[in-house]
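Below is one structure, written out as structure tokens, with a few remarks after it.
Quick note: the coordinates plus some simple rules give every number you see, no bench work behind them. On a predicted model such as this, the values are computed, not experimentally measured, just so you know. Quick reminder, even Gly has a Cβ in these numbers, built from the backbone with ideal geometry, and neighbours come from all protein chains shown.
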Amino acid sequence: MCNQEPQCAAAVLMVRPAGFGFNPQTAASNAFQHGLPANPAIDIQAAALREFDALAESLSRAGVELVIAEDTPAPAKPDAIFPNNWVSFHHDGTVVLYPMLAQNRRLERREEVLAQVTRQGAFRVVRTVDLSHHERDGKFLEGTGSLVLDRIARVAYASLSPRTDPDVLGEFAQQMHYELIIFETFDAGTPIYHTNVLMAVGTSFAVLCAELIPSPRRAAVLAKLDATGHELVAITPQQMRDFAGNLIELARAHGGGRIIALSTGAWRSLEPSQRRVLEKHGEIVAAEIPTIERLGGGGVRCTVAEIHLPHRAQAAGGAFLMS
């Protein structure tokens, strides 16, 4: 089965922000977002660009292939730096487009970004699954923020929240042939907005803040991770808030093993024993992104959309259907 689709991608899409900032349209459901800095002299956009460029350089230096699209200044898209919420790319040539809760985030779905992926990376697209029509019914599923995918075992983990609807989950599972493991999570009585801040799945390891999943679903999640051969790194709620669960395993484009990318804040929050487990599974690539984390409410994993698409033999081809 793992010959059909590897867990980790060797290429990612990143979007360089043109107007990064605190998004009031998402703040109500994202407790990881914090307000503007106390020092009004701080240039938020400039700080976010510095952090983005340093992260991209670190990933490139580690051997990951990057497709970097430029955000457009207008209309304003304060969360454009997080493309994994509106698109995912799959090994069989499928592109999935997702319904977004915030109206200003729906503007991030840009055909020119998708075209750049196929053009620059010479990737082949076979079909597009467009789930964005669910926005008309107030139902949302925000990509690999809402979904944590075990691509090898074809298991999709999802924590229900205002941004993760069970009906849209069902359509995703049917279209993409995934088994769903659905659960609820509560932090101080509030649903956690995205599954990928409390959970990450690599080829042979998983990170999970299990104590925020009520029983008996907690046991079901842990049992599935064990059955699929994942060594567990259990994190605390505070480590989760420091984005220790928001990490991603990636492959080097030209071979040579795997990397695990996360923020330096997330890495610092981990205990030595937890770090040792992760180091067994890949080279650690840590980047300093405090502005992105604090104002955007997302970590390193949120800034990349893995590209699992097959490469084209020739430069021509690739089509998208966007509603």
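For the pair SER273 and LEU232, label points projected 7 Å from Cα toward Cβ lie 1.4 nm apart.
For ALA220 and ILE284 in one chain, what is 0.36 nm times their gap in residues minus the Cα-Cα distance, to one decimal in nm?
Numbers: separation 64, 0.36 × 64 = 23.04 nm, distance 2.93 nm.
That pair, ALA220 and ILE284, stretches by 20.1 nm at full extension.
According to the Cα gyration tensor, what semi-axes, each the square root of 5 times an eigenvalue, does the equivalent ellipsoid of the stretch 109-215 have, listed from largest to smallest in whole Å?
Equivalent ellipsoid of the stretch 109-215: 26, 18, 13 Å, largest first.
The lysines within cross-link reach of LYS77, meaning a Cα-to-Cα straight distance under 25 Å and a gap of 8 or more places when in the same chain, are LYS139. For the stretch 90-130, pairs of C-alpha atoms spaced more than 12 angstrom apart make up 64 percent of the total.
Computed over the alpha-carbon atoms, the stretch 214-323 gives an Rg to Rh ratio of 1.05, Rh here being the Kirkwood radius from the mean inverse distance. For the chain, the antiparallel share of DSSP beta bridges with both residues in that region comes to about 45%.
Karplus-based coupling profile of the stretch 282-293, in residue order and whole Hz: x, 6, 7, 10, 10, 10, 8, 9, x, 5, 4, 5, with θ = phi - 60° in 6.51 cos²θ - 1.76 cosθ + 1.60 and x standing for Gly or Pro.
Net charge dipole, the chain: roughly 260 debye, given to the nearest 20, about the Cα centre with Cβ charges of +1 for Lys and Arg and -1 for Asp and Glu. Evaluating 6.51 cos²θ - 1.76 cosθ + 1.60 at θ = phi - 60° for every residue in the stretch 204-213, the Karplus couplings come out as 9, 9, 9, 10, 8, 9, 5, 5, 8, 9 Hz, glycine and proline recorded as x.
Highest mean first, the peptides 9-20, 161-172 sorted by other C-beta atoms within 10 Å per residue fall in the order 9-20, 161-172.
Each Cα pair under 8 Å and six or more residues apart adds its sequence gap; the mean of these over the residue count of the stretch 11-306 is a relative contact order of 22 percent.
Under a 5 Å amide H cut-off, with hydrogens placed 1.01 Å from N, ILE307 pairs with ALA11, VAL12, LEU13 among residues at least 5 apart or on other chains.
Tell me what the chain gives for mean residue ellipticity at 222 nm when only DSSP H runs of n ≥ 4 count, each as -39,500 (n - 2.57), the sum divided by the residue total, rounded to 500 deg cm²/dmol.
The per-residue figure over the chain is -7500 deg cm²/dmol.
Ordering of 239-250, 58-69 by packing is 239-250, 58-69, highest average first (other Cβ atoms within 10 Å, averaged per residue).
Under 10 °C and 1.306 mPa s, how fast does the stretch 1-113 diffuse according to Stokes-Einstein, given a Kirkwood radius computed over C-alpha pairs? Answer in µm²/s, whole number. Rounded to a whole number, D works out at 100 µm²/s.
How high is the FRET efficiency between ARG136 and GLN175 when r is their beta carbon distance and R₀ equals 22 Å, given to the nearest 0.05? That gives a FRET efficiency of 0.75.
On alpha-carbon atoms, Rg over Rh for the chain using Kirkwood Rh? For the chain, the value is 0.93.
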